Amino acid sequence: MDAKKNRIGGRLREARLSERPKATQEDVSARLATMSVSLSASSIGKIENGTRPVTDIQLCALAKALKVTAAWLLGEAEEKSG
């Protein structure tokens, strides 16, 4: 069985691609680095594909970097930001 390792992958990709101009995985990685959170572009791709787990610290940083809420990334809210 090939179970997903996180719940945020699809919404992470949606938030990244809804920016204008679209944010790349490299862009998001660089934003995280400014918050002292180390995630490579490759790791962000794996998160988006559901093959890499995410810590609570990474979840919060990803939400902040993409200007959405953690609840939205988790699929628990309809609005991207509150």
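General observations
- Each part reduced to its alpha carbon centroid, region 8-29 and region 34-81 end up 10 Å apart.
- Where only DSSP H runs of four or more residues are counted, the chain gives -13500 deg cm²/dmol as its mean residue ellipticity at 222 nm, each run worth -39500 (n - 2.57).
- Pairs of lysine residues in the chain that meet both criteria, 8 or more places apart or on different chains and Cα atoms under 20 Å apart, total 9.
- Of (i) 41; (ii) 38; (iii) 27, the label for percent of Cα pairs over 19 Å apart derived from the coordinates: (iii)
Just so you know, all these numbers are worked out from the coordinates, no wet-lab data involved. None of the values given here were measured: they were computed from a predicted structure.
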